[in-house]
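Read through the structure below, which is laid out as structure tokens, and then see the notes.
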Amino acid sequence: MSFILYLRFLSTGNRFTGRLGTLLLALGLVAHYFALLERSRGLHTVPYHDLYGAMSLIGWLLALTYLGLEIYERQRSVGAFVLPFILVFFLAAHLAPGDRLPPPEAHGIAFAFHITLSILAYTAFALSSILSLIFLGEERLLRSHKLGNMVWRLPPLELLERMSQSSVLVGLVAIAIGTVLGFVTMDKLEGQHSYFDAKYVTTLLLLVLYAGYFFLARTAAWRGARASKLCIFNFVIVVLSFTVVNLYLSHSHRYF
């Protein structure tokens, strides 16, 4: 319902419709939070150490990150583009195979925050790539002079850049703290896992790539389309980290 209202807002510009879409998104976030909480109590561990839980949490955090950015920037016209991705993650979670994995070896608050912050970083980077795609699409429409009523309701290109950079900043902070907590958790496992796990190497690479984007996007030579393309390229590495590295190269990070 929120997605439909965001579409309606984008096509008509009706403020009440947009506000109602935001309200329903917030209510959906609250409802899904309690679903994750109940799953955690039933499993007696974090509710996202399997594929279903990880995809479910990604969708929830993507919605939460977008909602925070929408409120901060007072701009809801991109909601119609972000909500489909959120719905895809929820649908993928329900279609995911039901792996019966044993509970993770690590426990405690540090471990829970390690996973949550790592997945929050992925979702923030995903949001930045969506905003970059919108930037490139809007810029192309403006260059071709194919201007319809809907184009004028999209955010200015400068605002899209700023929103993308803000999202990347959230991701950088989250992945930095999450990685530190990961090392803290690993120390408690008495040498059962290697510090040279492929996941840690990829995470450090992501930190360098997104820090580079955050710096270059503020320079005259890179800002605009070049920075947006770099942001999208960086997210391809995120996808590879979450899929290929997790499933085939890492020994302790199957779904996070």
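Here the extension length gained between Thr219 and Glu38 equals 60.5 nm, from 0.36 nm per residue of separation less the Cα-Cα distance.
Once you reduce the range 106-132 and the range 21-88 to the center of their Cα atoms, the two points are 12 Å from each other. Specify which labelled value, from (i) 26, 22, 17; (ii) 31, 18, 17; (iii) 33, 23, 14, agrees with semi-axes √(5λ) of the Cα gyration tensor in Å derived from the coordinates of the model shown. Only one listed value fits the structure, namely (iii). Ranked from largest to smallest solvent-accessible area, with a 1.4 Å probe on the protein heavy atoms, Thr202, Thr243 come out as Thr243, Thr202.
Taking the C-alpha atoms only, the angle from helix 2-12 to the longest principal axis of the chain is near 20 degrees. Each stretch of four or more DSSP H residues adds -39500 (n - 2.57); spread over every residue of the chain, this sum gives -25000 deg cm²/dmol at 222 nm.
Show me, for the range 179-184, the HN-Hα J-couplings you get by feeding each phi into the Karplus relation (A = 6.51, B = -1.76, C = 1.60, θ = phi - 60°), rounded to Hz, glycine and proline as x. Karplus-based 3J(HN,Hα) across the range 179-184 equals 5, 4, 5, x, 5, 4 Hz.
Using a simple spin-label model with points 7 Å from Cα along the Cα→Cβ vector, what separation in nm is obtained for Leu169 and Ala211? Rounded to a tenth, the inter-label distance reads 1.7 nm. Rounded to the nearest 10 square angstrom, Arg8 shows an accessible area of 140 square angstrom against a 1.4 Å probe. Ordering Leu23, Leu209 by accessible surface, largest first, gives Leu23, Leu209; the 1.4 Å probe counts only protein heavy atoms, with every chain in place.
The values are calculated or read from the model by the stated rules, or taken from the named source; none is laboratory data. All values derive from a computational prediction rather than experimental measurement. Counting neighbours? That spans all protein chains shown, and the Cβs are built from the backbone with ideal geometry, glycine included. Surface accessibility is based on the protein's heavy atoms, side chains included, excluding ligands, DNA and RNA. Shrake-Rupley method; radii C 1.70, N 1.55, O 1.52, S 1.80 Å.
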